[in-house]
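Please treat every number below as a calculation from the coordinates, not as lab data. What you are looking at is a predicted structure, and each value in this text was computed from that prediction instead of being measured. Cβ: placed from backbone, ideal geometry, glycine included. Neighbour counts: every protein chain shown.
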Amino acid sequence: MGLHYALKLNFVSGIEEAVPALKKITFCGFLLMMVLLIGRLIRKFIHTQIHSEGDKYNLLRINRLMTGVFLAFVTASFMFDNLYTTVVSLGLISLILGFALQAPITSFIAWLYIVFRRPYKVGHRIQINGMRGDVIEIGYLDTKMLEVSGDYVQNDRKTGRVVYFPNSLILKDQVINYSGPQIPFIWNETAIQIAYTSDLKFVEKCLLDACVNDFEKRYPKKDIKTRKRWYPEVYFRVNTFAWLEAVISYPVEPTDTTGRRTRILTGALPMLNAEPGKVQFPEGSMR
């Protein structure tokens with residue numbers, strides 16, 4: 001009988017000793033669930049309210065990072081006796097990691113620069129350190145892009161290769177963003193060789209007509225004739241081999257440079273060839 005009461009007393013006292021720890025674990029779990037819930041609500045808000053894919057991607061990354069930081073902080077706070085010990089411990093760990101991981105930390109700081117300064121976003125075509133491609137992912141430490149041009153293909157065609165480069169590279173090298181102030185267009189040029197005796201006004205008209213017709217077919221909702229900043233221009237220059245070059249400068253989407261050049265030429269050349277008395281081209285050994 002006495003043994004029974006002793007065991008019962010020990011059992012009750014053991015539960016009483018475990019109550020503070022259980023309360024601590026329960027409160028920690030509650031805070032973790034709240035952090036996850038808030039993170040999910042913010043993620044849902046970003047998906048529904050932010051329409052720019054680049055901004056949406058960056059905000060989701062920030063939300064994921066901040067959620068992870070708060071989860072780690074809450075967990076660490078309950079692992080140690082008090083908040084002061086937690087802060088000191090995290091400070092010492094950060095100091096040690098700062099010396100050991102200088103390159104990744106620099107890339108992470110560069111990621112913050114990318115997010116807030118926005119030299120480029122997901123979907124932009126950029127050129128950096130001799131590499132050119134379409135950005136498909138911006139990580140905390142590196143950026144991934146689909147290469148264009150490169151070693152095997154030219155004329156801004158996609159190569160099928162994926163290029164990774166550390167974010168820290170943008171702090172050392174210049175970044176050329178094809179999505180400039182005239183979004184969604186950049187300016188490109190196409191030249192054809194003609195003789196000095198050609199009718200230059202006629203050549204100019206044929207090139208402009210071909211370019212404007214292609215623009216209107218591809219972008220029926222954009223009025224190029226009232227938007228002077230999008231209207232193409234033609235100029236002439238002397239070629240090295242004693243021919244004239246008729247050069248048309250026109251707006252084009254960065255991903256459509258080859259296609260637009262081809263469409264302009266296939267539209268203009270039949271008109272030019274139909275009037276041999278007005279336009280002469282290099283032939284045979286005179287090329």
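Listing for the model above:
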read-out: Label point distance in nm, H47-K217, each placed 7 Å from Cα along Cα→Cβ; value: 4.1
read-out: Label-point separation in nm, F27 to L112, each point 7 Å along Cα→Cβ; value: 3.1
read-out: Tail fraction, Cα-Cα pairs, region 186-286, threshold 22 Å, whole percent; value: 30
read-out: In Hz, Karplus ³J(HN,Hα) per residue of region 270-280 (6.51, -1.76, 1.60; θ = phi - 60°; x = Gly, Pro); value: x, 5, 6, 5, 6, 10, x, x, 9, 9, 10
read-out: Gyration tensor verdict on region 125-276 (Cα atoms; rounded if a/c is under 1.5, prolate if a/b is larger than b/c, oblate otherwise); value: prolate
read-out: Filter on K144/K172; K201/K225; K205/K228; K121/K172; K44/K222 - keep pairs with C-alpha separation over 26 Å; value: K44/K222
read-out: Computed label-point distance, nm, for sites R227 and Y152 using a 7 Å Cα→Cβ extension; value: 3.6
read-out: Alpha-carbon centroids, region 223-287 and region 120-163: separation in whole Å; value: 29
read-out: Stretch gain in nm, segment E275-F236, where the contour uses 0.36 nm per residue and the Cα spacing is subtracted; value: 12.1 nm
read-out: Straight-distance crosslink candidates among lysines, where the alpha carbon sits under 25 Å from K23 and sequence neighbours closer than 8 are dropped; value: K8
read-out: Low-density loop cleavage sites - trypsin sites (Lys or Arg not before Pro) in region 162-239, where at most 16 other Cβ are within 10 Å (DSSP); value: K172, K221, K222, K225, R227
